[in-house]
Amino acid sequence: MTHRLFILLAAAMLALGLSMSVQASDPEPMEFYAPEDELWINFIQGHSDKDLDVAFNHYSHEGYDCIECHHRMGELKGQASPRSCSECHDNYSPDDLAGYTSYFKAMHKIRFAPNASRPSCLGCHTTEFGAEDKTMTGCANSACHPGGIR
Amino acid sequence: MNGKSFFVDLTLCTACRGCQVACKQWKDLPAEQTRNFGSHQNPADLSHQTLRLVRFNEGRDKKGKLRWHFFPDQCRHCIEPPCKYMLNMYRHDAVTQDSATGAVVYNEAVRLGKGNGLTPEQICPYNVPRKNQETGQWTKCDMCADRLDMGLKPACVTACPTGTMNFGDREAMLELAEKRLAEVQKTRPDAFLADPESVRVIYLADSQAQDFHTHLIADAGQKAKILAQARPRKQSRREFLTGRFSFGTPAENKDARRKI
């Protein structure tokens with residue numbers, strides 16, 4: 001009888017120890033608070049005097065990890081909250097698209113295999129919805145630019 | 001300087017295809033192998049060899065009378081050209097916008113690699129540019145930039161016998177368009193100008209936009225509207241994933257979709 005009790009106790013200890021070790025190796029997940037709704041993105045300066053703005057909702061993208069778009073977060077080692085795209089992609093001209101600083105490129109470049117990593121807004125939409133869904137991947141009068149591009 | 005514009009009065013077009021032929025002749029583009037697909041439209045679509053195409057679509061007016069809608073399709077030379085911005089991401093000198101005329105011109109020397117799978121609809125809200133699949137070169141109308149340099153009008157405008165095609169300074173064309181619109185609206189109140197603020201090729205249509213092929217106006221839902229008339233809509237992946245299931249009629253679903 002005492003023998004059986006000892007085994008049970010040992011098993012319980014082991015289970016407790018395992019669960020504690022799991023807790024110890026898993027750090028607290030970082031929590032960030034994103035500005036939620038109707039973030040008006042209006043950086044691109046086109047040729048007309050009209051705005052080429054896009055409404056972005058963090059809310060409708062909450063199924064994704066922050067780092068999938070805020071891709072340099074890893075370098076911050078959890079020390080700071082995600083930064084705005086415009087802090088690095090700070091060239092807002094749609095005419096000069098050279099280099100990583102181009103804001104237009106960061107939002108629109110569709111990369112094709114074998115260099116398909118790091119999707120842009122349009123690149124991810126194309127993968128998720130398919131190029132046929134013009135509401136989500138289209139240009140003028142799509143969900144992104146409902147007022148047209150003019 | 002506001003550049004140049006076309007005014008295309010679709011109410012006058014008789015689909016003689018003079019513009020289509022003139023375009024081929026001036027650009028020295030070869031004929032295409034075509035086949036009869038049940039329409040007088042020929043060829044079936046734009047291609048890297050057919051930069052301009054008169055589309056034929058049949059439809060019924062409100063009284064049920066059969067009507068033919070003629071639509072000479074071409075590059076609209078957008079004020080904010082998405083194709084320029086899109087293609088220049090891959091090659092910085094692929095597309096330029098002429099500062100004097102506003103023409104959007106593709107660089108013939110730029111060829112995108114085979115791996116680049118951009119489709120016309122991904123770079124153009126009007127589905128106009130076409131890629132030569134062998135060379136990787138994108139092509140479309142260049143507003144006859146060489147003719148403009150010589151003080152001539154584009155070949156299509158010169159060839160038009162009915163007054164459908166007009167070309168000149170943007171202000172003059174907008175004025176002409178508004179004047180003609182008011183005139184047409186007296187007898188056909190549905191008449192409208194297609195995206196006059198966004199483009200340099202301003203169409204005057206006297207029937208709904210979807211009667212004239214899929215891309216008379218830049219509207220992402222245009223193709224869907226036409227397909228919804230033709231066949232019941234299928235469940236889209238997005239609707240399935242977000243738990244919006246379609247059981248009703250296509251018309252009801254379309255309304256539900258718009259509310260998102």
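Under a point-charge model restricted to the Cβ atoms of Lys and Arg (+1) and Asp and Glu (-1), what is the dipole moment magnitude of chain B relative to its Cα centre, in debye to the nearest 20?
1160
Could you calculate the FRET efficiency of A:Glu68 with B:Arg147 from 1/(1 + (r/R0)^6), where r is the beta carbon distance between them and R0 is 51 Å, rounded to 0.05? Walk me through the numbers on the way to the answer.
Details: r = 49 Å, r/R0 = 0.97.
Here the calculated transfer efficiency is 0.55.
Using the structure shown, list the pairs from B:Lys4/B:Lys63; A:Lys109/B:Lys4; B:Lys84/B:Lys153; B:Lys27/B:Lys65; A:Lys50/A:Lys134; B:Lys84/B:Lys114 with a Cα-Cα distance above 27 Å, or answer none.
From B:Lys4/B:Lys63; A:Lys109/B:Lys4; B:Lys84/B:Lys153; B:Lys27/B:Lys65; A:Lys50/A:Lys134; B:Lys84/B:Lys114, over 27 Å: B:Lys4/B:Lys63; A:Lys109/B:Lys4; B:Lys27/B:Lys65.
Only Lys, Arg, Asp and Glu count, each charged at its Cβ (+1, +1, -1, -1), so figure out the dipole size of segment B:53-122 about its Cα centre, rounded to 20 debye.
480
Testing the spin-label approximation: label points 7 Å from Cα along Cα→Cβ at A:Arg118 and B:Ser99. State their distance in nm.
3.3
Report D for segment B:1-133 in µm² per second (integer): Stokes-Einstein, Kirkwood Rh on Cα pairs, 20 °C, 1.002 mPa s.
127
For B:Lys24, list the aspartates and glutamates whose Cα falls under 12 Å from its own Cα; do not include residues on the same chain fewer than 8 positions away.
Straight-line reach from B:Lys24, under 12 Å: B:Glu32.
Between B:Thr135 and A:Phe32, take the C-beta separation as r, use R0 = 35 Å, and let me know the FRET efficiency to the nearest 0.05.
The formula returns an efficiency of 0.15 here.
If you rank A:His125, B:His92 by fewest surrounding Cβ atoms within 10 Å, what's the result?
So the ranking, lowest neighbour count to highest, is B:His92, A:His125.
Where is the GNM fluctuation largest for chain B (alpha-carbon springs, 10 angstrom cutoff): B:Asp149, B:Asp206, B:Asp73?
Maximum fluctuation in the GNM of chain B, among the listed residues, is at B:Asp149.
What trypsin sites (Lys or Arg not before Pro) does segment B:1-74 have in DSSP loop regions with at most 14 other beta carbons within 10 Å?
B:Arg35, B:Lys62, B:Lys63, B:Lys65
Specify whether the C-alpha gyration tensor of segment A:91-150 places it in the rounded, prolate or oblate class, a ≥ b ≥ c being the square roots of the eigenvalues: rounded for a/c under 1.5, otherwise prolate if a/b is larger than b/c and oblate if not.
On the way: a/c = 2.79, a/b = 1.10, b/c = 2.53.
The shape class here is oblate.
Taking segment A:65-142, which GluC sites (Glu not before Pro) meet the DSSP loop condition and have no more than 16 other C-beta atoms within 10 Å?
Here the sparse-neighbourhood loop sites are A:Glu132.
Using a simple charge model, +1 on the beta-carbon of Lys and Arg, -1 on the beta-carbon of Asp and Glu, nothing else, what dipole does segment B:24-69 show about its Cα centre, in debye to the nearest 20?
Once rounded to the nearest 20, the dipole reads 360 debye.
With a point put 7 Å past each Cα toward its Cβ, work out how far A:Thr127 is from B:Ala182 in nm, to one decimal.
5.4
Coordinate-derived values only; no laboratory data. This is a predicted model, so every value here is computed, not measured. Methodologically, a virtual Cβ is constructed for each residue, glycine included, from the backbone with ideal geometry; neighbour enumeration extends over all protein chains shown.
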